[in-house]
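K.L.:
Take a look at the following structure, please.
The values are calculated or read from the model by the stated rules, or taken from the named source; none is laboratory data. Not measured: the values here are computed from a predicted model. Cβ placement follows ideal geometry from the backbone for every residue including glycine, while neighbour counts extend to all protein chains displayed. With ligands, DNA and RNA removed, areas are computed over all heavy atoms of the protein, side chains included. Shrake-Rupley method; radii C 1.70, N 1.55, O 1.52, S 1.80 Å.
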Amino acid sequence: MIHPIVKYGDPMLETPAKAVEEFGEELEKLVADMFESMYAARGVGLAAPQIGIGLRVAVIDVSDGKNPEAKLVCANPELIHVEGEQREEEGCLSVPGFRGHVARPLYVTVRAQDATGKTFEMRGEGLLARAFCHEIDHLNGVLFITHLSMLKRDMIKRKIRKLKKAGEW
């Protein structure tokens with residue numbers, strides 16, 4: 001089932017998510033729905049709060065659905081090592097139409113649980129490292145615009161207020 005993506009301004013996006021404690025059919029259904037919703041929105045990652053669910057689970061696929069082995073489920077993820085820096089343009093499904101250059105680590109190591117609750121560690125670089133950081137930020141109630149300059153962030157917020165007034169947000 002494709003869920004609508006929660007947009008900037010919804011308090012859900014700025015609320016830290018709760019840890020996943022139950023692994024089973026319900027979580028597997030949620031993960032399947034999240035992948036479906038992410039692909040429909042043409043994203044490379046999606047955190048549960050972005051579909052209105054306050055759980056610490058995210059899905060990532062930097063292959064655009066072309067490589068089934070690239071599909072990652074990260075429940076209760078945490079960054080355990082970061083190294084280097086990359087500064088690339090970043091966007092967000094919850095802040096559609098807006099992009100900005102964000103500094104992120106070039107390499108990260110994440111510890112998380114899969115959809116069955118099994119703990120794993122994974123090293124990511126480049127786009128995958130960026131996706132890990134972006135989705136973990138979502139689970140902590142942080143949006144990518146927080147990492148932008150105050151000037152750029154204020155400009156985006158102003159434009160969103162105008163879109164809301166016009167009923168287009």
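K.L.:
Treating cross-link reach as a plain straight distance, find the lysines whose alpha-carbon is under 26 Å from the alpha-carbon of Lys118, omitting any fewer than eight places away in the same chain.
P.N.:
In chain and number order, the partners are Lys18, Lys29, Lys66, Lys71.
K.L.:
Sticking with this structure for a sec: Could you work out how far helix 127-139 tilts from the main Cα principal axis of the chain, as a 0 to 90 degree angle to the nearest 10?
P.N.:
Between the helix axis and the principal axis of the chain, the angle is about 80 degrees.
K.L.:
Where the only charges are on Cβ atoms (+1 Lys, Arg; -1 Asp, Glu), what is the dipole of the chain about its Cα centre, to the nearest 20 debye?
P.N.:
Using only the charged Cβ atoms, the result is roughly 1060 debye.
K.L.:
Can you tell me the 0 to 90 degree angle between the C-alpha axis of helix 25-40 and the longest principal axis of the chain, rounded to 10?
P.N.:
40 degrees
K.L.:
Under the rule a/c < 1.5 gives rounded, and otherwise a/b versus b/c splits prolate from oblate, where does region 1-132 land using the Cα gyration tensor?
P.N.:
Here region 1-132 falls in the rounded category.
K.L.:
Which ³J(HN,Hα) values in Hz, rounded to whole numbers, follow from the phi angles of region 65-81 under the Karplus curve 6.51 cos²θ - 1.76 cosθ + 1.60, where θ = phi - 60° and Gly and Pro get x?
P.N.:
x, 7, 10, x, 6, 7, 6, 10, 10, 10, 9, 6, x, 9, 7, 10, 7
K.L.:
Residue by residue through region 149-160, which ³J(HN,Hα) values in whole Hz follow from phi under the Karplus form 6.51 cos²θ - 1.76 cosθ + 1.60 (θ = phi - 60°), with glycine and proline marked x?
P.N.:
4, 4, 4, 5, 4, 5, 4, 4, 4, 4, 5, 5
K.L.:
Could the peptides 109-120, 57-68, 148-159 be put in order, highest first, of the mean number of other beta-carbon atoms found within 10 Å of their residues?
P.N.:
57-68, 109-120, 148-159
K.L.:
Sum up the charges of everything whose Cβ sits under 10 Å from the Cβ of Ile2, counting Lys and Arg as +1 and Asp and Glu as -1, but leave Ile2 out.
P.N.:
-2
K.L.:
Suppose all protein chains stay in the model; what accessible area per residue would a 1.4 Å probe give for region 115-169, in Å²?
P.N.:
Per-residue accessible area for region 115-169 comes out at 58 Å².
K.L.:
Additional query: Name the lysines eligible as straight-distance cross-link partners of Lys152: C-alpha to C-alpha under 24 Å, and not fewer than 8 places from it in the same chain.
P.N.:
Correct list for Lys152: Lys7, Lys162, Lys164, Lys165.
K.L.:
Probe radius 1.4 Å, ligands and nucleic acids ignored: give me the carbon and sulfur share of the accessible area of region 1-141 as a rounded percent.
P.N.:
50 percent
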